[in-house]
Amino acid sequence: MTQKKCPQCSRILECGVDQGTCWCFDIRLDREALKNIREMYEDCLCKDCLSRFETNVVNQKI
């Protein structure tokens, strides 16, 4: 796992994407949310920050 700093909140996070397995693979985002994240940030977000985008997607579908 690689340690990174979340560009949103500055927390340190563990990224496993280089090893082919990471906690972020379980976060469900629609295409628009993913596009917005990629436009705003150049690197990985921590679980709390990334999950906020997932929650927004879920709330929009209700």
The one condition in (1) under 17 Å from F53 (Cβ atoms); (2) open to solvent by 60 Å² or more (accessible area, probe 1.4 Å) that M1 fails to fulfil: (1)
Residue check for L34: in a strand (DSSP E or B) and of a type in the set (A, V, I, L, M): no
Qualifying residues in region 18-42 (those that are within 16 Å of P7 (Cβ to Cβ) and without any contact (Cβ under 8 Å) to a residue 24 or more places away in the chain) - the one least open to solvent (accessible area, probe 1.4 Å): I37
Residue in region 50-62 that is modelled with pLDDT of 90 or more and open to solvent by 50 Å² or more (accessible area, probe 1.4 Å) present: no
Condition check for Q3: modelled with pLDDT of 90 or more and polar (S, T, N, Q): yes
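The values are calculated or read from the model by the stated rules, or taken from the named source; none is laboratory data. It should be emphasised that the depicted structure is a prediction, and the values quoted were computed from it without experimental measurement. Here Cβ is always computed from backbone atoms with ideal geometry, including for glycine, and neighbour counts include all displayed protein chains. The protein model used for the area step is the full one, side chains on, heavy atoms only, and it has no ligands, DNA or RNA in it. Shrake-Rupley method; radii C 1.70, N 1.55, O 1.52, S 1.80 Å.
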